[in-house]
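These notes are about the structure you will find just below.
The values are calculated or read from the model by the stated rules, or taken from the named source; none is laboratory data. Nothing here was measured: the structure is a model prediction, and the numbers come from that model. Reconstructed Cβ throughout: ideal geometry from the backbone, glycine too, with neighbour counts over all protein chains shown. When the accessible area is computed, the model is the full protein with side chains, heavy atoms only, and any ligands, DNA or RNA have been set aside. Shrake-Rupley method; radii C 1.70, N 1.55, O 1.52, S 1.80 Å.
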Amino acid sequence: MVEGIGIVLLKLAFVLLFVLNFGGLLTWVERKQSALMQDRIGANRASIFGIRLIGLFHTIADAVKMFTKESFRPVAAEKFLFTIGPGISVFFALVGFAVIPFGDVLIIGGKEINLQLAPLNIGVLYLFAVAGMAVYGVVLGAWASKNNFALLGGLRASAQMISYEVALGVTIIGSLMIYQTVELQEIVRWQGGTLWGWLPKWGVLMQPVGFILFLTVGIAQSKRVPFDAPEGESEIIGYFLEYSGMGFGMYMLTDFVETVMISAITVTLFLGGWQVPYLMADGFHFPWGATWQLENWAVALLQVGSFTLKVMFFLWLQMTIRWTLPRFRYDQIMRLGWKYILPISLVNILITGLIITLLK
Amino acid sequence: MNIHDKYKPLTFWEKLYLPAIISGLWLTSMHFFRNLTLHILRALRLRKTADGAVTIQYPEFLRPLFPRLRTMHRLTKRDDGTPRCVACMMCETVCPAKCIYIIADEKLENPEIEKMPESFDIDLGLCIFCGYCVEACPVDAIRMDTGILEISNLTRKGMVLDMETMLNLEPMQDRYVKYTKEGEIVSQEYLKQDLSK
């Protein structure tokens with residue numbers, strides 16, 4: 001019993017460290033990557049005893065600034081909701097990670113440990129339930145500020161997130177039809193097989209259209225450029241207008257955590273999660289017949305590393321998209337969501353169903 | 001692009017968005033990987049010439065100033081060290097920001113010069129650096145060629161330049177860049193220095 005709780009706590013610590021560190025580092029990645037893409041150098045002035053460490057200390061400087069800044073609350077603001085708004089936002093961004101598998105089973109002392117925080121058999125549904133709640137933090141914060149501009153930002157956010165919520169669910173139905181399960185660990189295991197004996201059966205190959213649509217909708221869900229009409233900090237004023245200090249910091253952290261979240265879900269559903277090509281539970285089985293036996297701990301390590309690498313790639317991709325594309329206008333967001341993505345994903349479901357029926 | 005092309009309906013290829021997005025991503029990520037490689041090579045001391053960025057790290061490295069750039073004012077002197085200014089009030093009159101304050105005085109010891117300034121103050125907090133004072137001056141007594149750009153002070157009063165200070169300022173120094181008599185830049189050594197330190 002105690003052992004079981006200890007293992008759960010260890011896994012929890014691992015997942016939280018993974019997510020929060022990535023979230024924090026993303027502020028650094030955002031600065032440096034945008035700088036590199038634009039032939040600049042990027043923030044590099046924060047230093048400890050003259051050591052600058054290519055600007056990494058700016059992350060710490062940010063945190064110190066956020067915590068020590070005055071957290072101002074407007075007189076007219078709804079006290080309770082205004083205070084818990086950012087918390088709700090961060091909470092629902094974080095709890096989604098509970099069902100993301102980051103590895104297969106690890107065997108320590110004859111005890112099998114499932115490298116997934118909560119092996120829920122409704123994994124994908126839970127994810128969408130949580131993602132659907134994320135809009136509450138935004139709308140509550142915006143409404144509780146008692147500021148009309150913030151409220152407008154909140155309205156834009158709710159309209160966008162609810163529209164894309166529909167598309168988010170529909171885009172992956174095609175994949176779920178192929179996987180025949182909604183448990184994420186099972187989905188990842190399914191992707192461990194090969195096509196024609198050599199091609200890894202990853203979701204991106206089975207559902208290329210679904211993959212592109214899901215990534216688009218995912219980026220829209222994380223409210224970052226090019227879908228940042230809810231925020232539009234510099235021009236149209238976003239929902240967190242009245243927040244300062246850590247309240248604002250938590251909204252910003254939510255965006256970054258959601259970026260990690262979208263990467264993790266995309267990897268799990270479409271890029272084989274923790275799968276390494278040709279790596280089975282007992283080592284590599286290459287298609288040309290060669291095998292390479294590996295211990296269980298080495299396999300688990302490779303799997304966690306593979307998952308991390310894939311997530312990092314998608315973080316990079318999302319950052320590149322964020323610093324390449326300009327913002328969509330509000331009507332363009334709505335048109336893209338309702339008139340293009342939703343019909344295309346419905347057609348995708350139809351075609352997937354046809355192919356599955358024909359192949360039977 | 002022709003202005004009329006802007007209003008042409010999009011072709012199917014353009015309406016797909018994805019090809020355009022991919023070409024945009026290709027462009028930006030090529031910049032990213034090129035600059036990343038250059039930065040890493042520089043950090044490993046394998047390559048010193050090419051830079052991954054066009055940034056000039058300002059407080060450590062200064063960029064060349066154009067010789068005609070208008071910077072902080074200075075007053076020129078005669079050969080005997082007295083100010084060249086004859087307190088004609090032309091600059092004070094022409095100044096659009098009304099930031100020049102001159103109090104005139106008689107110059108008794110030299111009958112050829114009727115007036116000289118008793119005090120000559122410029123409030124840099126108001127100055128807009130238009131250079132009209134330099135244009136208006138009939139005796140070339142005021143110039144804006146010191147090359148001093150970092151003008152700041154903690155009080156408003158500290159922003160006021162008095163005559164004593166302005167008389168002692170020198171023309172643009174080597175600190176920024178060297179010039180020939182024709183105003184051409186001679187030395188750019190600092191541009192070749194290692195920027196990564």
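For the pair residue A:7/residue A:194, report the inter-label distance in nm, with labels modelled 7 Å from Cα in the Cβ direction.
Here the answer is 3.1 nm between the modelled labels.
Taking residue B:15 as the anchor, which aspartates and glutamates have their alpha carbon closer than 20 Å to its alpha carbon, excluding any fewer than eight residues away along the same chain?
In chain and number order, the partners are A:331, B:5.
How far, in nm, would the chain grow between residue A:78 and residue A:237 when pulled straight, counting 0.36 nm per residue and subtracting the alpha carbon separation?
Length difference between fully extended and current span is 55.3 nm.
Have a look at region A:18-41 and report residues whose accessible surface goes down by 50 Å² or more when the remaining protein chains are included, against the chain on its own, probe 1.4 Å, ligands and DNA/RNA excluded.
Buried by the other chains: A:36, A:37, A:39, A:41.
Taking springs between alpha-carbon atoms closer than 10 angstrom, which of A:344, A:172, A:48 fluctuates most in the Gaussian network model of chain A?
A:48
Let me know the shape class of region A:1-81, please: from the alpha-carbon gyration tensor, a ≥ b ≥ c as square roots of the eigenvalues, rounded when a/c is under 1.5, otherwise prolate if a/b is greater than b/c, or oblate.
The shape class here is oblate.
Using a 10 angstrom cutoff on alpha carbons, build the Gaussian network for chain A and name the most mobile of A:108, A:212, A:54.
Checking each option, the largest mean-square fluctuation is seen for A:108.
What's the carbon and sulfur percent of region A:77-359's accessible surface, probe 1.4 angstrom, rounded to a whole number?
72 percent
Please give the Cα centre distance for region A:223-302 versus region B:4-18, rounded to the nearest Å.
Each part's Cα centre sits 33 Å from the other's.
Which distance in Å, rounded to a whole number, links the C-alpha centroids of region B:110-127 and region A:64-123?
After rounding, the separation between the Cα centres reads 69 Å.
Only helices at least 24 Å long along their own axis, judged from Cα atoms, and with Kyte-Doolittle mean hydropathy of 1.6 or greater: name those in chain A from DSSP H.
What comes out of the filter, once short or polar helices are dropped, is A:79-95, A:123-144, A:342-359.
Hey, what does the equivalent ellipsoid look like for region A:77-359, semi-axes from the Cα gyration tensor as sqrt of 5 times each eigenvalue, largest first, whole Å?
37, 22, 15
At 7 Å along Cα-to-Cβ for each site, give me the label-to-label distance between residue A:63 and residue B:108 in nm.
7.4 nm
For residue B:157, list the aspartates and glutamates whose Cα falls under 17 Å from its own Cα; do not include residues on the same chain fewer than 8 positions away.
Those aspartates and glutamates meeting the cut-off are B:121, B:123.
Classify region A:138-279: rounded, prolate or oblate, from the alpha-carbon gyration tensor (a ≥ b ≥ c, eigenvalue square roots; a/c under 1.5 rounded; otherwise prolate if a/b is larger than b/c)?
prolate
What FRET efficiency would be calculated for the residue pair residue A:166, residue A:317, taking the C-beta separation as r and a Förster radius of 25 Å, to the nearest 0.05?
0.55
Just the number, please: buried accessible area between B and A, total of both chains, 1.4 angstrom probe, nearest 100 square angstrom.
Between B and A, the summed buried area is about 1600 Å².
Can you sort B:157, A:146 by solvent-accessible area, 1.4 Å probe, largest first?
B:157, A:146
Over region B:42-156, with the other protein chains present, what is the accessible area per residue in square angstrom, probe 1.4 angstrom?
64 Å²
Tell me the relative contact order for chain A as a rounded percent, counting alpha carbon contacts under 8 Å between residues six or more apart.
Over chain A, the number comes to 21 percent.
Which of the residue pairs A:11/A:201; A:65/A:223; B:77/B:115; B:77/B:107 have a Cα-Cα distance greater than 18 Å in the structure shown?
Distance filter (> 18 Å) returns A:11/A:201; A:65/A:223.
Which of rounded, prolate or oblate describes the protein assembly as shown when judged by the alpha-carbon gyration tensor and an a/c cut-off of 1.5?
Prolate shape, in that a/c is at least 1.5 and a/b is the bigger ratio.
Given a 1.4 angstrom probe, what's the average accessible area per residue across region A:77-359, in square angstrom?
I get 42 Å² per residue for this part.
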